[in-house]
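What follows is a single structure, written as C-alpha cells, with notes after it.
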Protein chains: 2
Amino acid sequence: MIFGISLSADVPVRQASLRQHNLRLVLGQVALVSPQSRADIAAATGLTRATVSTLVDDLVSGRLLREVSPAPRSGAGRPGVGLVLNDADGPAGLGLEINVDYLAACVLDLAGAVRHREIQPGDRRGVDPATVLASAAALASRAVLAAEDQGLTIVGTAVAVPGLVSPDGTIRLAPNLGWRDVDASGFTPGPLTVENEANLAALGELHHGSPGSADFLYVSGEIGIGAGIVLHGSLFRGARGWSGELGHVAVHPDGPACRCGAHGCLEQYAGQEALLSSGASAVSPGASVADLVSAAERGDPATLARLSTAADALGVTIAGVINLLDVDTVVLGGIYAPLTPWLRPGIEAQIADRVLTAAWSPVRVRPAGLGSNAAVVGAAGAVIRAVHEEPAAWLVPASPGKA
Amino acid sequence: MIFGISLSADVPVRQASLRQHNLRLVLGQVALVSPQSRADIAAATGLTRATVSTLVDDLVSGRLLREVSPAPRSGAGRPGVGLVLNDADGPAGLGLEINVDYLAACVLDLAGAVRHREIQPGDRRGVDPATVLASAAALASRAVLAAEDQGLTIVGTAVAVPGLVSPDGTIRLAPNLGWRDVDASGFTPGPLTVENEANLAALGELHHGSPGSADFLYVSGEIGIGAGIVLHGSLFRGARGWSGELGHVAVHPDGPACRCGAHGCLEQYAGQEALLSSGASAVSPGASVADLVSAAERGDPATLARLSTAADALGVTIAGVINLLDVDTVVLGGIYAPLTPWLRPGIEAQIADRVLTAAWSPVRVRPAGLGSNAAVVGAAGAVIRAVHEEPAAWLVPASPGKA
DNA sequence: TCAAATAATTCAACCGTTAAACAAATCGTG
DNA sequence: CACGATTTGTTTAACGGTTGAATTATTTGA
C-alpha cells in the first residue's frame, strides 16, 4: 500500500506530526519549482524563514535535498543558495512492468528523471508465471545495479500488471496473460507494490506526463482496455482496488459475446483484436499497431471504417463516464495514443451528443504524453512519490563520519 | 462550499491547526459513541487525558458538547461525567428541498436528530422560479422559528435541487423544473449552499441512513434519474460539481430519442415517465408511484414487464458503473426505494453477468433507508457536518455573564 | 472508616513555530 | 575602495499545545 493517504483524520496529532507535515510542504515546494532559496520557500509556503531553515537542514542532512552553489542572481543583497531535489546520491524508485508482449524496468530519481530503462520484448501469453517473474526479477536486479553505479539507492519497487490486483499483492485475474491468483508479492527484495497497469499509467501521466487536469480518465488500450481514474489529483482505486474495468462496460447490451461471458462489451468494438484481426482489409491478420497507423495514413477505407466504429464505441462509453464523473479531460494511452488523430473525432462527436454539460464546459481529448512508457514510469514515480508524501520516514540518518 | 476538505496539503501548519485537528477528533469521537467520559475519549483517540480535558472544556464552553450527569456505572472508582453532542441549545442545520412535486424543510440538531420537518406538496413544473423560491423562503423562516423555540440556533442552510448547480449557487439547468440559470444563492438569510438533490440524498444515506459501505452509488429515481457517488466515505462531486448524471448514460446507443438530444438514455427506460405513463396496463396515465406498487403487488403482467425492462436497463448501467468505480453497494432511492423488490432481481442479474469481479466479491443492492426524506435530511446533515469538520470555527464565544 | 480504584485537573517540561534581532554576503554609488 | 542599502540565513527569547507525573476528587467494597 504505497498509495495510501497518510494525513488521515481520526488520529491524534502531536508536534511531531506538525513537523512531518511541514517537511512535506517544503519538499513539495522544491519539487514544484526547482532551484529555490530558503527565502523563496518561506515566501511561497507561508512558513517563517527560521522554520524553513531548520526544515531544510533536516532534509539536506537526510539526503532528500541538495544545495547548488549560486542561485540565479537578481538585484542587490546576499545571494541565496539554491536547493534542488537530491538526484545525485539520494533515494530512487524502481518501476517494473509485466505486460503481454514485453517486460520493462525503469529507475527514476527523486526529481522524476529517468536514470535507467530496459525493455525486453517477447510474447508472454501462457508462459508459466514463475518464469516470467524470474525474468522480471533479473531485470530488477540489473536496474538496482545501474542505480547504484550512479550513486542512487532504490528505496522501493512498484510493478505494473495488466490485471486485477488484491491489496496483498496477489494478481487475482490477468485474462490476457492467462494468470489467475498469482502471488507476486515477494519476487524481488525490498518493499514491493503490485498495481494495475492502467492505474499506474494514469499516475505516470499525472505526475510525469504533459501537465493537464487533475481530474481525468486515462484510457489504456492494450490487448484489453483498462482505465485509470484520477480524481482531484489522486488515483481512485475503488473500494477494493478494482476500478477501471472500462473494457467490459456494455456498449450494445445485446451485442456479440465477450470472453468475460457478457455481451456487447467495449472490448468487442475497440479492443486490440477487434482493431487488428477482423475482416478483410489492408491490414493482414497478425499485423501490429504500426501497420494499422500506416494503413490509416494511407487512407485505407476498411481501416478507417474500423477505426470509426471503435471511436464510436469508445465515445459512447466515455460519454457515459463523463456524465457520471464529470472529468474534464480524457487521455488516450497505449495503442490509442498513436491512433488519436483517427479516434478523436468520433469520440468528441459522441461526447458532444451525449454529455449534458458538454455545451458549456468542454472536454479535452488528448493522447498520452508518455506513450507506452506511462505504466513503468508511473510505477517508479509511485515509489518516489511515497517519499515525497512522507519525507520524515525517508530521511537517511546522518552518518557521524560524514556529517 | 460547505463540503470542502479543510485539512488540505499545501498549507503551513502551526500549533493552532494542531488544536483544530484534535478538537475535531474529540468531537468526532463523541459523535461516534455517545455518552462517553473524558477518559474514554482519551483511550479511544490516543490523546492524553490532560489534553482531552482542555479540548472538552473548549467544546463545552463553545456549546458543541454537553455534560450529562451520570455515566453508566461499572465497577469501583470515581464515575466519569458523560459527554454528548449538544442537542439542547447548540447549533442546528437547516435543509431545504425544492423538487418537482413538493417543497420540504428539515432541521437537524448536532446529534443528527430531526427536530422539525415540513412538507408542502404541489406541482411546480413551469412555475416562476421567484415564486417557488419565495415559498421555500417562507418554509425556511418557519423552520428557523421552530428551531429557536427548541433552543437551537440555525448556523447554515443547504438546499437540494433536482439539477446541475454551479459552485456559486446558480442552478445551471433543472430540466424537470424547467429552470435554467436561476440564481438561488441568497434567497434566505445566512450562509447557504445549493447542491444537487441526488448528491445530498447520498450524503443523507451515508450519515443518517442505514449504516453500510463507505463506497456506494446512490441512484435517485425522480422525474429524472440522478446519482450520488460516495467514495471512501465522502461525496464525489466531479471536477466541476456535475457528476452523477446517470439518467443520460446510454443503454442502447441507437435507442429512442431523449429530451437531452441523445438516443437511448437510461431515462427512456427507467425514468418515472417510462414507468408510469406508457402503454396499456392496469396503471392508468397520471397514476402515482403508489399505484404502480399496488399493481405490482397484484401481479399485473404489464406492470411487471415494464418493471423488468426498467430493471434490465438500470442493471446494465449500474454494472458499467461498478466495473468502472468498484463500489460494493448500490442504494436505490426516490421512487426506486419502494420498487426495490421488483427491480432488484433484474439489476442483480445484470451485475452478476457483466461485472468482472462479481464472482468473488459480491455487490449489495438495497433500498434507501431514508426513503423520500434522504435529500432534505442530507441537506441539513451537510450543515451540521460542516460543524463537525471544523469545530474551531463554530465555538460560540462564552458570554461573560453566563460562564 | 479506610483502602482501592478510577476520573479529572494541575503543573513543570518538551517541542516546534514565530517574531525580531543579528550576522553574512552582495550590489550600487560616490 | 569604502560605505550604505539590500537581501539571505541563523540565532534567541517567547508562545502555544501536548505530554507525563503528581495531585485532587469521587465512588465502591470491605
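Values as computed for the structure displayed
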item	result
Descending semi-axes in Å of the protein assembly as shown, equivalent ellipsoid built from Cα gyration tensor	43, 41, 23
Rounded to 5, percent antiparallel among DSSP beta bridges of the range A:16-173	75 percent
Accessible area expressed per residue, the range B:279-376, with surrounding protein chains retained (probe 1.4 Å, Å²)	34 Å²
Position B:Pro211, label points 7 Å along Cα→Cβ, spacing to each other copy in nm (shortest first, one decimal)	4.5
Once exposed loop trypsin sites (Lys or Arg not before Pro) are cut out (DSSP; at most 16 other Cβ, 10 Å), longest piece of chain A	A:260-401
Tail beyond 30 Å, pair distance distribution of chain B (Cα, percent)	46 percent
Kirkwood hydrodynamic radius of the range B:211-369, Cα pairs, Å	15.9 Å
Amide H contacts of A:Leu83 (H built 1.01 Å from N, under 5 Å, at least 5 apart or other chain)	A:Gln36, A:Ser37, A:Val68
Ratio Rg/Rh [Cα only; Rh per Kirkwood] for the range B:1-151	1.11
Chain B, helix-only ellipticity at 222 nm - DSSP H runs n ≥ 4, -39,500 (n - 2.57), divided by all residues, nearest 500	-12000 deg cm²/dmol
Dipole of chain A, positive direction: furthest Cα of A:Thr303, A:Cys106, A:His388, with charges on the beta-carbon	A:His388
Beta bridges per DSSP with both ends in the protein assembly as shown, % antiparallel, nearest 5	60 percent
Per-residue HN-Hα couplings for the range A:54-67 [Karplus 6.51, -1.76, 1.60; θ = phi - 60°; Hz; x = Gly/Pro]	5, 5, 4, 3, 4, 5, 6, 6, x, 6, 9, 10, 9, 8
List of the range B:185-232 residues, accessible area with partners at least 10 Å² below that of the chain alone (1.4 Å probe)	B:Asp215, B:Ile229, B:Leu231, B:His232
Furthest towards positive pole of dipole, A:Val84, A:Ala147, A:Ile223, structure part the protein assembly as shown, Cβ charges	A:Val84
In order through the range B:384-396: 3J(HN,Hα) via Karplus (6.51 cos²θ - 1.76 cosθ + 1.60), integer Hz, x for Gly, Pro	5, 5, 4, 5, 4, 6, 9, x, 4, 6, 10, 5, 7
Cα lying deepest toward the dipole's positive end in the range B:211-369, options B:Val355, B:Leu246, B:Tyr269, charges on Cβ	B:Leu246
Between the range A:44-98 and the range A:337-403, the Cα center-to-center distance that results, in Å	25 Å
Point-charge dipole on Cβ atoms (K/R +1, D/E -1) for the protein assembly as shown, about Cα centre, debye to 20	1860 debye
Choice from A:Gly46, A:Gly233, A:Gly320 with maximal GNM fluctuation in chain A (Cα, 10 Å cutoff)	A:Gly46
For B:Val365, distant residues with modelled amide H under 5 Å away	B:Val330
Label distances, nm, B:Glu67 versus same residue in remaining copies, Cβ-directed 7 Å point	5.5
Within a Gaussian network of chain A (alpha carbon springs, distance under 10 Å), most fluctuating of A:Gly371, A:Gly77, A:Gly261	A:Gly77
Debye, to nearest 20: dipole size of chain A, +1 on Lys, Arg Cβ, -1 on Asp, Glu Cβ	1020 debye
For the pair B and A, total buried accessible area rounded to nearest 100 Å², probe 1.4 Å	5300 Å²
Most fluctuating residue given options B:Ser361, B:Ser220, B:Ser234, as computed from a GNM of chain B linking Cα atoms under 10 Å	B:Ser361
For B:Pro167, label point 7 Å along C-beta direction: distances to other copies, nm	3.2
DSSP bridge pairs, chain A: antiparallel proportion in percent, nearest 5	60 percent
Estimated inter-spin distance, B:Glu67 and A:Ser141, nm [label 7 Å along Cα→Cβ]	6.8 nm
Carbon plus sulfur fraction of accessible area for chain B, probe 1.4 Å, in percent	54 percent
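The values are calculated or read from the model by the stated rules, or taken from the named source; none is laboratory data. Please read these numbers as outputs of a predicted model, since none were measured by experiment. All Cβ positions, even for glycine, are placed from backbone atoms using ideal geometry, and neighbour counts span all protein chains on display. For the accessible areas, the whole protein counts, side chains as well, though only heavy atoms, and no ligand, DNA or RNA atoms are used. Shrake-Rupley method; radii C 1.70, N 1.55, O 1.52, S 1.80 Å.
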